[in-house]
Amino acid sequence: MSDHINPDEDVKTVAVIGAGLIGCSWAALFAASDRTVHLYDSRADAAQAMSAFWTSVKPTLIELGLARSETVPDVRVFTSLAETVATADFVQECIPERLEAKLELYRAIEPNLKPGAIVATSSSGLKLSDLQAGWRDPGRIIIAHPFNPPHLIPLVELYADERAAPGVLKRAAALYESCGKVTITLKREVLAHVANRLQAALWREAIHLVAEGVASLKDIDTAISAGPGLRWAVMGPHLLLNLGGGEGGLRAYCEQFHDSYHLWWDDLGKPLLTPDTVDKLVEGLREEIGAREYTALRQERDAKLVAILRALRDVEPAHRIETADA
Ligand SMILES: NC(=O)c1ccc[n+]([C@@H]2O[C@H](COP(=O)([O-])OP(=O)(O)OC[C@H]3O[C@@H](n4cnc5c(N)ncnc54)[C@H](O)[C@@H]3O)[C@@H](O)[C@H]2O)c1
């Protein structure tokens, strides 16, 4: 088992390995919380990528109260992996989703880790038991899966097995929560964790509807973003359907709709991402995107996400008072 961890000891230095989409976002968030970030990427232009990323997200981080206008990010870019991790209290691994590449990286960093330091992988869906292969101390690696973009979407999915030292998950959760994240903890290992399984289930049916020509891709996207997607930003499906059952709650909802759901579930599609299907998706997407460029779409997504996050933050205190009085 790995060294005993003091869950209450704050993480001061975080090493981020991989400065792509996810790594830069994590690095910005950790740096915004006044921590020192050690960044490493096999690309030579990691420093420029990080600097451009910080400039683009700083106003948003300030707006969300996650950075101050005077924040100067302490991000140090390294060219040696060993030095990147040597003094880090915590390592956030963000290299591409390829098991062999991740295992090779872990073999290189484990001998250089500081005592008590843990490695959290951002992996979207690899299994912890596979990622533990080759470790001298498999208890040093945990899953900490964010949702893109990590500096905006609150969710982080955590999982460690019984080989992790006591306090590891508590310390990891404290780090993420201090950066404004919301954590959930898996009780057992499962491929793709929780949120990506849910997303995969929904996307599969959306693809099926496009492939079968039930509606345009644009309308299918709208069916989520203007419909249940908006509710899901507020409450999860069970809590919402509990309200859908009226005073009788989820039990009444199930009594009323169980036959319907059984029929619907039997009728759901099982499409594959064949070249033909991908062509259909890309074609439909072209119509939905219109003249908007990638950067414009990203800005639109981020502006709307920030608006929702701010609105929810404004509602939270009132809700808390109401429930406390009840
Ligand atoms: N993209 C997403 O939506 C998303 C969401 C959540 C989690 N993730 C997970 O985050 C991880 C990173 O994904 P991404 O989308 O940021 O990928 P990315 O391709 O954008 O970035 C990966 C970075 O790692 C660097 N790299 C590759 N091999 C390396 C090595 N051996 N050492 C150091 N740097 C190396 C690359 O140069 C690149 O900059 C993956 O495990 C992925 O599953 C991705």
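The values are calculated or read from the model by the stated rules, or taken from the named source; none is laboratory data. On a predicted model such as this, the values are computed, not experimentally measured, just so you know. Please note: Cβ atoms are built from the backbone with ideal geometry, for glycine as well, and neighbour counts cover all protein chains shown. Each accessible area value is taken on the protein alone, full model and side chains, heavy atoms only, with ligands, DNA and RNA left out. Shrake-Rupley method; radii C 1.70, N 1.55, O 1.52, S 1.80 Å.
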So the pair-distance distribution of region 195-290, from every Cα-Cα distance in 10 Å bins, comes to percents of 14, 37, 34, 13, 2
Kindly rank 266-278, 66-78, 158-170, 18-30 from highest to lowest mean number of other beta carbons found within 10 Å of each residue.
-> 18-30, 158-170, 66-78, 266-278
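Taking N as the number of residues in region 26-81, what is its Cα Rg relative to 2.2 N^0.38 Å? Let's see the in-between values first.
Working: Rg = 11.3 Å, N = 56, 2.2 N^0.38 = 10.2 Å.
Scaled against compact globular proteins, the figure is 1.11.
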Using only the Cα atoms of the chain, what do you get for the radius of gyration and for Dmax, in Å?
-> 21.7, 61
In square angstrom, what is the accessible area per residue of the chain with a 1.4 angstrom probe?
-> 56 Å²
Under-5 Å amide H pairs with Gln92, H placed in peptide plane, nonlocal only | Ala15, Val16, Ile17, Ala120
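With a 1.4 Å probe and every protein chain kept in, tell me what percent of the accessible surface of the chain is carbon plus sulfur.
On the way: 10460 of 18260 Å².
Answer for the chain is 57 percent, counting heavy atoms of protein chains only.
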Which far-off residues, 5 or more places away or on another chain, put their amide H under 5 Å from the one on Val156, with H placed in the peptide plane?
-> Val182, Thr183, Ile184
What net charge do the residues around Glu293 carry, taking every other residue with its C-beta under 15 Å from that of Glu293, with Lys and Arg at +1 and Asp and Glu at -1?
-> +1
Inverse mean reciprocal Cα-Cα distance (Kirkwood Rh) of region 227-272, Å = 11.9 Å
Summing -39500 (n - 2.57) over every DSSP H run of at least 4 residues in the chain and dividing by its residue count gives a helix-only mean residue ellipticity at 222 nm, to the nearest 500 deg cm²/dmol, of -16000 deg cm²/dmol
Would you work out which of Gly229, Ala165, Gly116 lies farthest towards the positive end of the dipole of the chain? Charges go on Cβ: Lys and Arg +1, Asp and Glu -1.
-> Gly116
How many Lys pairs in the chain lie less than 22 angstrom apart by Cα atoms, where the lysines are 8 or more positions apart or on different chains?
-> 18
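Based only on Cα atoms, what Rg/Rh ratio does region 3-117 have, Rh being taken as Kirkwood's radius?
On the way: Rg = 14.2 Å, Rh = 14.5 Å.
Value, to two decimals: 0.97.
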Treating the beta-carbon of each Lys and Arg as +1 and of each Asp and Glu as -1, no other charges, what is the dipole magnitude of the chain about its Cα centre, to the nearest 20 debye?
-> 540 debye
In vacuo Debye scattering of region 55-111, one point per C-alpha: log10 I(q)/I(0) at q = 0.31 Å⁻¹?
-> -1.27
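Order the peptides 293-299, 177-183 from the highest to the lowest mean number of other Cβ atoms within 10 Å of their residues.
Details: 293-299: 10.7, 177-183: 16.1.
Going from most to least packed, we get 177-183, 293-299.
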